[in-house]
Every structure is written in C-alpha cells, then in structure tokens.
Amino acid sequence: MYRVPNQEGKLCVVTGANSGLGKEAARRLAGAGASVIMAVRNVDKGEAARDALLALNPDARLEVRRLDLANLSSVRAFADQLIADDHPIDILLNNGGVMAPPQRALSADGFELQFATNFLGHYVVTLRLLPLILTAAGPSVTTVSSVAAQFGRIRFNDIQSERHYIAYRSYAQSKLADLLFAQQLARLANQRNWDLMSNAAHPGLTRTNLFNARLNVGRDTHKTSIQTRLAPSQGVEQGVEPILYAATSPDAISGAYYGPRGLFGLAGVTTLVKAPRSARHPETAERLWKLAAELSGENVPAGL
Ligand SMILES: NC(=O)c1ccc[n+]([C@@H]2O[C@H](COP(=O)([O-])OP(=O)(O)OC[C@H]3O[C@@H](n4cnc5c(N)ncnc54)[C@H](OP(=O)(O)O)[C@@H]3O)[C@@H](O)[C@H]2O)c1
C-alpha cells in the first residue's frame, strides 16, 4: 500500500472530497500531516464526511468549503476566497466528477454537465489558483482521468453534445479532456520555467458512488452497477493510490499518467501508464485549452 510521505505544513485542496476517491485522498493526505481543504458542492455532505474522517483521526486538519464545479460563479468564488487567504497551495487534486447522467443535463452556465463538471470547472479553478499554487515550494496539480479516456474523442464540432447525446461518449470526452489538460499544463509549466508538476492519474475501476448514482437518478433505490459486480475492481484504499502517488511521490513526473497495473488497467498496484492514443496530440490539447479559455473567459493570469 502506497504510504503518503510526510506532508506537515502543506496545504492540499481536494475537489469532490465528500465521497469515494476524494474522501479517501483527504483522509490519507491529512493522515500524513497536511491541512486539507475539502471542496464540495454540498456543504452538509462535506461536513458529514469531515466528521467521519475526524472520528478516525481527531488530529486531522480538515476544512470544508463550497465548490460547485458545474457553476463557474461558484468556482470563481471558491478560488477567490483562497486567494484572499493568501496561503500557498501545495497540492491541488482535480478529482470531483459525474458520470453518464442518463439524460443530457446542463451546468448552471449552460454547458453539458460532464464537460462542465469534470473538465471546465477544473480548468477554471486551476488557472484561477495558479498564482497561489506557484508560491508554494514544489507544488503539484493532479487531475483525475479514467480508462474511459481511451474511448473518447474531443468532438470540437459538437463539444456540448447538443446534436447527439450519448451518456458514456460524453463522459469519455470529458475524461480525455482532463488528461489533455494535465499534459498541456505540464508543457506550459516547462515552457515558462514554473516550478510546477502537473500530471494525471486514473483509479482503474474503483467501487464508489460514481457507478451507482446514475442508476438511482429519480429513484429511492440503492442499485449497484453491473460494472463493479462483473469486472475486476478495487476498493478506494487501493483505487486512490495512483492519484496520491502522482501528487505526492518524490518520484512522480510532470506530464506523466499513473494508474493500476492489472488487467486492462482496472485494478492493481500503481504504475506509470502510457497515455491512450487519443491523448497523444499536443495540438488537440492546445485547441481544447483555447476553447476552454473562450467558453470560460479564464486563461493564465497576467504576469505569470
Ligand atoms: N470510481 C472509478 O472507478 C473511477 C474510474 C475512473 C475515473 N474516476 C474519477 O474519479 C473521480 C472521483 O469519483 P469517485 O469514483 O470517487 O465517485 P464519487 O464517490 O461519486 O465521487 C465524486 C465526487 O465528485 C463530486 N461532485 C460531483 N459533481 C460535483 C460538482 N458539480 N461540484 C463539486 N463536486 C462535485 C461528488 O459530490 P456529491 O457527493 O455531492 O455528488 C463526489 O464528492 C471522478 O473524477 C471520476 O470521473 C473514477
């Protein structure tokens, strides 16, 4: 089991920290001595998760703050509050996400929900926080992608799936966008000589609410998904490891991609994985970045 090295004195921000991989990441980072900001869209759920973590480790330094990735005003307010606090951010985990709502749904800003939540919200929060991140010593931004990214394509002619919505296709596009974003940020850091590690990780197939949420939309049921019953899968303790490794290991590399080593990358110990063919086009990453900048009005802050 990967052991997070000492994080005393470090500040970590984890998006989607009330559940699944984000909650486990918060537990392990706080266990290693970090102060963790649990960025959640529902503060009640966030406080319940924080209380559960505090029950396990009363010394954990955990703070819940509201961040709705599917609402760019909320993303900006969250980032601006941190900027006002003026405390360097050592680790940003771009983790929160939704998968395959059965019907096409929109964010508060009118973007397709998965594109907005999984990718655009993280694009904005990262760029907005960049000045603060760059004041930390050896900071890292780790963005959570998925094995689904290999089935994705950035459909520039219908990025919001307006013409045709296929739930898993839009999910795959959003997770490919995450991977392209992590790589593009790493290239930018390199070009501009920023002391910043940007990389990506995926958790294989990890048993979390992600798979069950869509089954239970509009129902008061607790069905469990067929994927996690039939395919090789793992618990959150193992599933979070590539993410923690990417963010905290002294051996982690900027621009790299980490995931489980087992069959089809679904479970197993953490290893460096090859980005899928769909993610090996820097020109696509650049085009996506430009599009995100146009859609959100956010780009690298002046002076960096
Ligand atoms: N589990 C897997 O096998 C797997 C595989 C590949 C990739 N991933 C990725 O791993 C990440 C974490 O997912 P998980 O498996 O841990 O699932 P999860 O337990 O459902 O956690 C997802 C988290 O994202 C939060 N979230 C959703 N929409 C949000 C929004 N608009 N603003 C802020 N937070 C939001 C959720 O909050 P609520 O509780 O309020 O909904 C929850 O805390 C996701 O990016 C997912 O795509 C997971």
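General observations
Let's see how each residue does on (1) within 21 Å of E298 (Cβ to Cβ); (2) in contact with a His (Cβ under 6 Å, 6 or more places away or on another chain); (3) near the ligand (Cβ under 10 Å from one of its atoms); (4) modelled with pLDDT of 95 or more:
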site: E63; (1), (2), (3), (4): no, no, no, yes
site: N71; (1), (2), (3), (4): yes, no, yes, yes
site: V75; (1), (2), (3), (4): yes, no, yes, yes
site: D80; (1), (2), (3), (4): yes, no, no, yes
site: D85; (1), (2), (3), (4): yes, no, no, yes
site: D90; (1), (2), (3), (4): no, no, no, yes
site: G97; (1), (2), (3), (4): yes, no, yes, yes
site: R104; (1), (2), (3), (4): no, no, no, yes
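- Among the residues here, Y165 does not qualify as crowded, with 21+ Cβ neighbours inside 10 Å, more than 22 Å from G204 (Cα to Cα) and not acidic (D, E).
Okay, residues lined up against (1) within 17 Å of C12 (Cα to Cα); (2) at pLDDT 95 or above; (3) surrounded by fewer than 24 Cβ atoms within 10 Å (Cβ to Cβ):
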residue: T117; (1), (2), (3): no, yes, no
residue: L127; (1), (2), (3): yes, yes, yes
residue: A137; (1), (2), (3): yes, yes, yes
residue: R153; (1), (2), (3): no, yes, yes
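- Condition met for T221 (polar (S, T, N, Q), at pLDDT 95 or above and not in a helix (DSSP H, G or I)): no
- Residue tally, condition within 15 Å of the ligand (Cβ to nearest atom) and either under 13 Å from V147 (Cα atoms) or not small (G, A, S) (or both), over the stretch 157-179: 11
Matching residues to (1) among the polar types (S, T, N, Q); (2) modelled with pLDDT of 60 or more; (3) under 21 Å from A247 (Cα atoms):
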| site | (1), (2), (3) |
| --- | --- |
| W194 | no, yes, yes |
| A200 | no, yes, yes |
| R207 | no, yes, no |
| I226 | no, no, no |
| P232 | no, yes, no |
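- When every residue of the stretch 57-65 is checked against the conditions, none turns out to be farther than 22 Å from G22 by Cα and aliphatic (A, V, I, L, M).
The values are calculated or read from the model by the stated rules, or taken from the named source; none is laboratory data. Quick caveat: nothing in here was measured; it's all calculated off a predicted structure. Cβ sites come from the backbone with ideal geometry, for glycine too, and all protein chains shown count toward neighbours.
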